[in-house]
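Report on the structure given below.
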Amino acid sequence: KMDAEKYNRSIKLLCSTCAGSDFDVEEQEDRPRCISCGRVYTKEELQAENGEIIEAAMAEAKEEIARDLSNEMRNSLRKAFSGSKHIRFR
């Protein structure tokens with residue numbers, strides 16, 4: 001059985017002004033602020049500015065999930081047909 005927790009990712013977002021990666025979230029406004037330069041973003045702006053980083057992390061996770069799912073299916077089928085003389089797996 002696949003463990004969904006295995007696929008959790010932490011993505012390091014970068015400030016488009018100074019390339020800093022540490023942000024503080026102002027509680028009242030729920031807006032990330034770059035600790036290095038002080039630039040304030042909306043969550044949508046920060047996500048848009050880091051679209052390539054987010055997409056790359058998602059693509060990596062998708063590949064890992066597909067690979068693990070394929071292995072899981074292969075192992076399940078091997079186990080199900082292990083006693084058969086007519087079905088063989090490579």
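The values are calculated or read from the model by the stated rules, or taken from the named source; none is laboratory data. Since this is a predicted model, take the numbers as computed values, not measurements. As a convention, Cβ positions derive from the backbone with ideal geometry for all residues, glycine included, and neighbour counts pool all protein chains shown. Please note that ligands, DNA and RNA were not included when accessible areas were found on the heavy atoms of the full protein model with its side chains. Shrake-Rupley method; radii C 1.70, N 1.55, O 1.52, S 1.80 Å.
Among the residues in the range 18-25, are any open to solvent by 60 Å² or more (accessible area, probe 1.4 Å) and at pLDDT below 90? Yes, there is a match, as at least one residue in the range 18-25 is open to solvent by 60 Å² or more (accessible area, probe 1.4 Å) and at pLDDT below 90.
Given the structure, is residue 66 more than 29 Å from residue 16 (Cα to Cα) and either assigned to a helix (DSSP H, G or I) or of a type in the set (Ser, Thr, Tyr) (or both)? Here the answer is yes, as residue 66 does meet what is asked. State which residue is farthest from the chain's Cα centre (by Cα) when the search covers only the range 48-61 and only residues that are modelled with pLDDT under 95 and not small (Gly, Ala, Ser). So, considering only residues that are modelled with pLDDT under 95 and not small (Gly, Ala, Ser), the one farthest from the chain's Cα centre (by Cα) is 60. Do we have any residue at all in the range 67-78 that's closer than 18 Å to residue 10 by Cβ, modelled with pLDDT of 90 or more, open to solvent by less than 80 Å² (accessible area, probe 1.4 Å) and among the polar types (S, T, N, Q)? No; the residues of the range 67-78 include none that is closer than 18 Å to residue 10 by Cβ, modelled with pLDDT of 90 or more, open to solvent by less than 80 Å² (accessible area, probe 1.4 Å) and among the polar types (S, T, N, Q).
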